[in-house]
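Take a look at the structure set out below.
Please treat every number below as a calculation from the coordinates, not as lab data. Remember, predicted model here, so these are calculated numbers, not experimental data. Cβ atoms come from the backbone with ideal geometry, glycine included; neighbour counts cover every protein chain shown.
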Amino acid sequence: MTKSIELPRLLPLFPLPGALLLPRGRLPLHIFEPRYLHMLDDCLKTPARLIGMIQPRRLPGGESVLNTIGCAGRITAFSETEDGRYMITLTGVSRFRLMSEAASDTPYRQAEISWEGFGRDRDPRPETDDGFERDPFMDLLCRYFAAQGLSTDWESLREADDEFMLNSLSMLLPFEPEDKQALLEAPSLSTRRETLVTLLEFALRGGEGEMVQ
């Protein structure tokens, strides 16, 4: 599917703190702000139907800027509510690098972007992680879920392939926006898994000090 999409150089942006989309992942979104309803209407008229998910970050002086790396998602499902809101699903196509914001008369932001360096993202085959040791990872994950009071379908999780498991956890677990950005920018699935393990262990230590039992 992704290989047939002509990737544009200009992309509408949806800045959303804490929202992580990864290639081949699925992100449900509730669209209700007028500017993003406008963006969605415009996007549905294009062949690729791509929206650029990107996180804002706050500088020490208080100014908010956009991170350099985001991920483009293709609208693969949507439904409209009676009051004009949308429930959509974005399927991750590829990460991108923000080059510059584009002057535009639209109420939403647009940017000139580059797809260079993210060719593996557009391969329809799931990425593998040869160094992934499932048993120690699942033990760590069980302890994290217990400490956080979270629940999941453990059987389905254990049966999932490497990429689906690691990317889904990266997208869904309640990490800080800067941690989500680190997961997004990981150059490979193995480095994303290493980052994820570090975040889980850090959370179990309560952020610092000894491990929470």
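In table form, for the structure just shown:
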quantity: Nearest-20 debye value, the chain charge dipole, Cβ charges on Lys, Arg, Asp, Glu; calculated: 580
quantity: Top of Q181, Q110, Q148 by mean-square fluctuation, Gaussian network on the chain, Cα under 10 Å; calculated: Q148
quantity: Student exercise, region 2-120 dipole from Lys, Arg, Asp, Glu Cβ charges, in Debye to nearest 20; calculated: 600
quantity: Full-extension gain in nm, T46 to S104, via 0.36 nm per residue minus C-alpha separation; calculated: 19.2 nm
quantity: Positive-end residue of G117, F175, S156, charge dipole of the chain with Cβ unit charges; calculated: G117
quantity: Sorted by Cβ neighbour density within 10 Å, fewest at the top, the residues E178, E6, E163; calculated: E6, E178, E163
quantity: Amide N of region 28-64 lying under 16 Å from the label point, which is placed 7 angstrom from the Cα of T81 along Cα→Cβ; calculated: 28-38
quantity: Unit charges on C-beta of K, R, D, E only; dipole of region 1-66, Debye; calculated: 260
quantity: Listed residues E82, E33, E176, most fluctuating in the chain (Gaussian network, C-alpha, under 10 Å); calculated: E82
